[in-house]
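The values are calculated or read from the model by the stated rules, or taken from the named source; none is laboratory data. It should be emphasised that the depicted structure is a prediction, and the values quoted were computed from it without experimental measurement. Don't worry about glycine lacking a Cβ; one is built from the backbone with ideal geometry, like all the others, and counts go over all protein chains shown.
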Amino acid sequence: MPSSQVTVVIIPGNTSRVRQLKFSRAFIAFMACFFFLGLGGVTILLHKYLNLKKTVPATRLLEREVAAQRGQIQAFARKIRKLNSNMMALQQFEKKIRIVANLEEPAWRDALFGIGGPIPEDLNLPASLTENHSSLIRQMHAQTENLQELCLVEKQSFEELLSYLQDRKSLLASTPAIRPARGWLSSSFGYRISPFTGLREFHRGIDIAAREGAPIIAPADGVVTFTGRKGGLGKLLVIDHGHGMVTRYGHLKKWLVKPGIRVKRGQKIALLGNTGRSTGPHLHYEVHLNGIPVNPLRYILN
């Protein structure tokens, strides 16, 4: 039966005595296994270290890309917040214009904003790019969609406001707001005693007395629709200003414009005269609103 021990003989190089070391076969087997396992572990660790060392440049590149992406997202979020701020300021500006113009906000816009509100909350950026990344992207996407919708709404609202203001501008330009001639008021609008018959009659305009040949100007923008003689008014000129507003000028000496000509406020249109039934040089001036004579003094600002 083979021995269960292994003897190791150590022969020193000097004159010392020979030494013998005895080990059991189990101990030798254990040490051999420990040596080979340790060598294998070191080899694996070395292999992993070399692989990890190779990935360091790629990891650093990825970190730089992540930092750049985070910077881009932050910049985009700041732009969205700035757009929100600008849009809110634009809304406030529109409200001021509507107040000045005495124009209420459209009901359709109130209904639209009541669904979810026009301005979502500001974005809260996470501490790291990966933290709630999907939620952040969805929030930014929703923010941009809301801004696009709000821009369309504001565009429609401003177009409506512009149309209203342009119409008001046209109305103001067509309102006879200045005196058509210099002189003194010799007869007012309303009932009076006729200088020709001595009877009470309705005077449908005002009379402005001045020297013959004095210039007569258009009190508002409009189109000349008539020049000719008209009974007791003598030489007559008529201007249609639109919006149901018409002005008439009687007792003229001369017309300076023809029918079909568009005139501007302040433009010279005729010369004051003494034609028709008249007691002296003067302008008979009438204002008609929707076919009804109204007092011209209600519109004259100067």
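Quick rundown of the values:
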quantity	calculated
Residue match in segment 240-252 (condition: in a strand (DSSP E or B), crowded, with 17+ Cβ neighbours inside 10 Å and at positive phi)	yes
Hits in segment 180-204 - residues which are closer than 12 Å to V287 by Cα and within 47 Å of the chain's Cα centre (by Cα)	P180
Flag for E131 being out of contact with any strand residue (DSSP E or B) (no Cβ under 8 Å at 6 or more places or on another chain) and modelled with pLDDT of 80 or more	no
Members of segment 149-178 that are in a loop (DSSP other than H, G, I, E, B) and surrounded by 15 or more Cβ atoms within 10 Å (Cβ to Cβ)	S174, T175, P176, I178
Index of the failed condition, A181 passing every other in (1) small (G, A, S); (2) surrounded by fewer than 17 Cβ atoms within 10 Å (Cβ to Cβ); (3) on the phi < 0 side of the Ramachandran plot; (4) not in a helix (DSSP H, G or I)	(2)
Matching entry among G228, G190, G232 (being at pLDDT 95 or above and farther than 30 Å from L103 by Cβ)	G228
Unique residue being more than 19 Å from R277 (Cβ to Cβ), hydrophobic (A, V, I, L, M, F, W, C) and in contact with a Phe, Trp or Tyr (Cβ under 9 Å, 6 or more places away or on another chain) when the list is A142, A177, A173	A177
Exclusive hit being closer than 25 Å to L171 by Cα, touching a residue at least 40 places away in the same chain (Cβ under 8 Å) and either part of a loop (DSSP other than H, G, I, E, B) or among the small types (G, A, S) (or both), set P293, P259, P219, P195	P219
Which numbered condition Q166 misses (of (1) out of contact with any strand residue (DSSP E or B) (no Cβ under 7 Å at 6 or more places or on another chain); (2) more than 17 Å from H288 (Cα to Cα); (3) in contact (Cβ under 8 Å) with a residue 24 or more places away in the chain)	(3)
